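Participant: Below: one structure in structure tokens.
Each value in this text was obtained by applying a stated rule to the coordinates, not by laboratory testing. For clarity, every value in this text was computed on a predicted model and none was experimentally measured. Every residue, glycine as well, gets a Cβ built from its backbone with ideal geometry; the counts of neighbours run over all protein chains shown.
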Amino acid sequence: MGELLQRLKPRWLEKRLEPADSPAAVAASVVLAVAAALAVTVVLFLAYGANPLAAFYELFHEPFGTLRGFGYTLAGAAPLSLIALGAIVCWRAGFEYLGFEGCFVLGAAASAWLALAAAPGGWLAGLPFPFFLALAIFASAAAGGIWAAATALLRVRSGGNEVLISLMANYVAIFFVQYLVSWPMRAPGSLPETAQMPRATWLPFLWHGGRAHAGILLAVAATLAVWALLKKTRLGFEMLVMGANLRAARYAGIPAGRRMVAAALIGGGLGGVAGMTELLGAQHRLMDGISGGVGFLGLIVALLARLNPLAVLPTAILYAGMSVGADAIERRTTVPTSITLILESLIVLFVLAAELLRRYRVRLPFSREATEAKEAKR
Amino acid sequence: MNTAFWVTWLAASVRLAGPVLAAAEGELVCERAGVLNVGIEGTILLGALASFLTAQATGSLTLSLVAAIAAGVLVNLFLAWMYVTVRASQVVAGLVFNVLAVGAASAIYRLALGGETAQRTIPTFPPVAIPWLSSLPIIGPVFFAQTAPLYLTLLAAAGAHVFLFRTRTGLALRAAGENPRAADAAGISVERMRYLGVLVSGAMAGMAGAYMVLAQVGFFREGMVAGQGFIALGIVIFGRWSPWKAVGAALVFGACDALQFSLQLSSGSVPPQLLLALPYLVTILAISGIFGRAGKPAALMQPYSRD
């Protein structure tokens, strides 16, 4: 296939020894990728008989032009950005963890257990909210963190592969939560779900009547913490070295195994807190399927943010906003919400593919270099 | 526990194991070439859609099966390009492709339906009893009174074994997955072998999707694959990258799945989730490295570049 391409390759296209990595080249390839993804979306809008301009307006007007829609956008962005930040900590330390679905549901389960204990008559009844919140953050982070650290230990101690282990471990965690809501934590009723969390344990809403909750503030705090960890601390620096070159890190005397477990504890912990914000901020009830795939969508946000913690929040807000906008489009036209899934995944795929463009350079027949090359041949 | 219980349970295990086994056999060939194709989850969904739409348009089951396989090959041509030519991270490209497939399947399905909301059903493959073999006690009704796609899947398992271990190309493909540099030096085109592996997994995943639609449920739903592609990844590991052991691994997964239904019907004492989680726990143990090397192809997930 590649050889065939080589043979078909026009003469003015020349392979570079190293991919072009100047900021301009990277920016150009990203812009091209986004433009290509948008072009595909326009075609889809046309296929559904929608006016593309009006559809794009709709896509962004509801989430960013209305207070109600913006509330939903912020509520959706909170767990997404926490998972993306967790993924960044793990991946930049060279720990390719994919188990955030598991961390998310376990964090939600841990905080549901605490919140139900805070109901009147429970052993946490009457605990002031700030103390309860601190406890819930700690418990959900511990649940997610220890879950991810178990996978890290398997990799460090016995050389297991974290990609495959974490994909399988997701199911174990999901079945465990399914068990919890169908047996020990099940509320009377026909559906396998817990009772509604006591009102006193809900994350406060940011404004009256809106759906935006304090989870987004936790995401802001986590962004600063992850940025500081990676840029300002020794632990973070050692993680980055491991991610860049594990063998070099070992030669430099970094205890790579321990650092990897630490990265898993922090990253998985953020995934657990994401589950807590969804439960106490949005759903207020633990049920099967509470994650709705957010453990994987958060990874896409991390990739779109190019694993840069400071870019996570804007990306997550844009992503969550497009989902809210897509719901609005679906209500008004025949265009289905899945259009945002297509747009967002195409952007990531095209950005990855644009990497290929940077491995080539265009040399036009009459450009200076080409003429010089001809002269040299003579 | 009488014979009837065992026969019903085992036959249900085989029935449930069928589609994931088909996907797993293709994935196995692909992983032997050194590529972890996580995108089979999305490919199964697109294969299911292709077979459903073709069945609706033509009414031919064979044509629908062929359409699903063709769709699987086509989308995996793109995935192979991402994995092999672009040399993108296999895990990232595969996972993002799965999200794309969910979006695309839903968009195409609605476009084809044109606003109709009623659930359309299509005819399905009837069970075919194989003469003589199907009259054997226990084994007969369990294995030899199944539908045509299951027989095809078992043939594919045999084919995968013969291809990987009895042909030159199979040897070259395995070399590309174990030590691509050495394979390259020996004159094997690592690129070509890996494209081949990904396309085989695409064809089989497309077939798995058709299997679900044409022999299990008879309709299409957007959430119908629900992680079965990931189960296939588990089966490949649990079966230690061997086509025959994968058949056994798929049966274990299918048996736990089938037992769940019987338990739910008979009593409420054993939580079925425990059983459902069991095969995943065993798979985790198999890949954990605690019990020695699992037989993972040495260059799995590593993009190969000559320079």
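Participant: By Kyte-Doolittle mean hydropathy of at least -1.0 and Cα axial length of at least 20 Å, which whole DSSP H helices of chain B are selected?
Facilitator: For chain B, where a helix must reach 20 Å along its axis and average at least -1.0, the hits are B:3-32, B:40-58, B:61-80, B:90-113, B:148-166, B:190-211, B:243-266, B:272-288.
Participant: Order by neighbour count: A:82, B:77, fewest other Cβ atoms within 10 Å first, most last. Please report the intermediate quantities before stating the final value.
Facilitator: Numbers: A:82 36, B:77 14.
Lowest to highest Cβ neighbour count: B:77, A:82.
Participant: When you count, for each residue, the other Cβ atoms within 10 Å and take the mean per peptide, how do B:63-73, A:120-130 rank with the highest first?
Facilitator: The packing order, highest mean first, is B:63-73, A:120-130.
Participant: Which stretch or stretches of region A:61-88 have amide N atoms under 13 Å from the point lying 7 Å from residue A:207's Cα along the Cα→Cβ direction?
Facilitator: A:64-74
Participant: For chain A, with a Gaussian network of springs between Cα atoms less than 10 Å apart, report the residue from A:278, A:14, A:96 with the top mean-square fluctuation.
Facilitator: A:14
Participant: Let me ask something else about it. To test your reading of the geometry: what angle, between 0 and 90 degrees and rounded to tens, separates the Cα axis of helix A:338-357 from the longest principal axis of chain A?
Facilitator: 40 degrees
Participant: Please compute, over every Cα-Cα pair in the protein assembly as shown, the percentage with a separation greater than 47 angstrom.
Facilitator: 17 percent
Participant: Another question, if that's okay. Taking other Cβ within 10 Å of each residue's Cβ, how do B:256, A:103 sort, fewest first?
Facilitator: Going from least to most buried by this count: B:256, A:103.
Participant: Distance between the C-alpha centers of region A:195-237 and region A:259-288? Whole Å please.
Facilitator: 11 Å
Participant: Follow-up. Evaluate the distance, in nm, between pseudo-label points positioned 7 Å from the Cα of residue B:226 and of residue A:310 along their respective Cα→Cβ axes.
Facilitator: 4.5 nm
Participant: Assuming R0 = 56 Å, can you tell me the calculated FRET efficiency for the pair residue B:5 and residue A:327, based on Cβ-Cβ distance, to the nearest 0.05?
Facilitator: Efficiency at R0 = 56 Å is approximately 0.75.
Participant: Using 0.36 nm times the number of residues separating residue A:66 and residue A:30, minus their current alpha carbon distance, what extension gain do you get?
Facilitator: Working it through step by step, the gained length comes to 10.0 nm.
Participant: With a Förster radius of 56 Å, plug the Cβ-Cβ distance of residue A:235 and residue B:155 into 1/(1 + (r/R0)^6) and report the FRET value to the nearest 0.05.
Facilitator: Numbers: r = 54 Å, r/R0 = 0.97.
Step by step, r from the Cβ atoms, then E = 0.55.
Participant: Suppose each label sits 7 Å from its Cα in the direction of the beta carbon; what would the residue A:251-residue B:120 distance come out to in nanometres?
Facilitator: 6.3 nm
Participant: Here is a follow-up. Picking from B:82, B:193, B:212, which is most flexible by a Gaussian network model of chain B using Cα springs under 10 Å?
Facilitator: Its mean-square fluctuation being the largest, the pick is B:82.
Participant: Right, here's the next one. Amide H neighbours of residue A:193 under 5 Å, counting only residues 5+ apart in sequence or on other chains, H built in-plane at 1.01 Å?
Facilitator: Amide H to amide H, under 5 Å and 5 or more residues apart or across chains, residue A:193 pairs with A:187.
Participant: Per-residue counts of other Cβ atoms within 10 Å, averaged by peptide: what ranking do you get for B:45-54, A:192-201, highest first?
Facilitator: Ranking, from highest mean packing down: B:45-54, A:192-201.
Participant: Restricting to DSSP H runs of at least four residues, report the calculated mean residue ellipticity at 222 nm for chain B, -39500 (n - 2.57) per run over all residues, nearest 500 deg cm²/dmol.
Facilitator: Helix-only estimate at 222 nm: -23000 deg cm²/dmol.
Participant: Further question on the same structure: If each of residue A:363 and residue A:125 carries a label point 7 Å out from its Cα toward its Cβ, how far apart are those two points in nm?
Facilitator: Output for this residue pair reads 8.2 nm.
Participant: Still on this model: Could you identify which residue out of A:22, A:166, A:345 has the top mean-square fluctuation in a GNM of chain A using Cα springs shorter than 10 Å?
Facilitator: A:22
Participant: Amide H neighbours of residue A:213 under 5 Å, at least 5 residues apart or on other chains, H built in the peptide plane: list them.
Facilitator: A:75, A:206
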